[in-house]
1. Pull up the cross-link candidates among the lysines for residue 14, meaning alpha carbon to alpha carbon under 30 Å and not fewer than 8 places away within one chain.
2. So how strong a dipole does segment 12-112 carry about its Cα centre when Lys and Arg Cβ are +1 and Asp and Glu Cβ are -1, to the nearest 20 debye?
3. Taking the alpha-carbon centroid of each part, what is the distance from segment 17-35 to segment 148-220 in angstrom?
4. Note down the net charge around residue 134, summing +1 for each Lys or Arg and -1 for each Asp or Glu among other residues with Cβ under 13 Å from its Cβ.
5. Roughly to the nearest percent, how much of the accessible area of the chain is carbon and sulfur, given a 1.4 Å probe?
6. About the Cα centre of segment 107-155, how large is the charge dipole given +1 on each Lys and Arg Cβ and -1 on each Asp and Glu Cβ? Please answer in debye to the nearest 20.
7. For residue 92 and residue 160, what does the FRET efficiency come to when R0 = 25 Å and r is the distance between their Cβ atoms, rounded to the nearest 0.05?
8. Placing unit charges on C-beta atoms (Lys and Arg positive, Asp and Glu negative, everything else neutral), compute the dipole magnitude of the chain about its Cα centre in debye, rounded to 20.
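The values are calculated or read from the model by the stated rules, or taken from the named source; none is laboratory data. For clarity, every value in this text was computed on a predicted model and none was experimentally measured. Don't worry about glycine lacking a Cβ; one is built from the backbone with ideal geometry, like all the others, and counts go over all protein chains shown. Areas reflect the complete protein model, heavy atoms only, side chains present, ligands, DNA and RNA absent. Shrake-Rupley method; radii C 1.70, N 1.55, O 1.52, S 1.80 Å.
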Amino acid sequence: MTDHQWTASFPGLKDLAPEITQLLLTTSKVVELPAGTRIFGPGRAPESYLLLLDGTVRVQQVSETGREIVLYRVTAGQSCVLTTACLMGYEEYQAEAIAETSVTAVAIPRAAFDEAIARSAEFRKFVFTAFSVNVTTLFRIIEEVAFSRIDVRLAQRLLQLADSRGRIELTHQQLAAELGSAREVIGRQLQEFQRRGWLTTSRGSIDLAKPDALRQLAATA
């Protein structure tokens with residue numbers, strides 16, 4: 001894909017006026033980043049509006065004690081809600097983003113973003129619709145962390161993360177970050193699931209032995 005084709009990947013941009021499309025195409029840049037790249041971090045202000053063409057980006061918060069929580073992921077066809085909020089509010093990031101896979105993204109410079117927002121109702125709708133959807137997702141995650149039972153949430157996440165063989169290639173610490181919990185809490189809950197015969201654990205991986213039992217627990221949410 002060339003720089004002059006990327007707008008076709010976002011249906012919400014198909015109704016832009018030709019001059020706005022031209023503005024975006026001539027000022028933006030398609031960038032490719034390898035897996036593991038730290039895309040942004042706390043204390044930095046965004047320089048561009050990012051739209052993901054391919055890959056997955058994990059946005060996470062890290063406390064002063066080193067505890068992590070995964071806030072959300074950005075996948076192909078999406079924008080980053082935190083970047084949007086910081087651009088509009090002229091704020092610095094309070095979290096970090098890591099490329100979980102190799103990533104291809106469009107970077108629209110702040111000046112072009114501001115101009116498109118000011119001149120185009122269609123572009124504003126595109127930005128604010130994506131922002132609204134992402135904020136709703138973020139609030140759902142906060143609600144789950146605050147109010148949902150950890151055993152139910154763990155069962156749900158294990159089922160989501162398992163591959164076709166029923167295997168999850170994650171450490172207890174990584175699972176804890178996924179769920180916004182402590183490693184010790186996740187470790188105890190995995191031990192309980194193992195005691196029931198629902199799964200087996202080994203270093204860096206988990207194998208689901210009775211996914212139906214996990215589904216039954218997950219459905220109690």
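1. Here the lysines satisfying the reach criterion relative to residue 14 are 29, 125.
2. Working: 8 positive and 11 negative charges, 15 e Å.
Roughly 80 debye for segment 12-112.
3. Centre-to-centre distance over Cα atoms comes out at 41 Å.
4. On the way: positive: 73, 140; negative: none.
It works out to a net charge of +2.
5. Details: 6110 of 11910 Å².
Of all accessible area on the chain, carbon and sulfur atoms account for 51 percent.
6. Numbers: 7 positive and 6 negative charges, 11 e Å.
For this selection, approximately 60 debye.
7. 0.20
8. Details: 24 positive and 25 negative charges, 159 e Å.
That gives a dipole near 760 debye.
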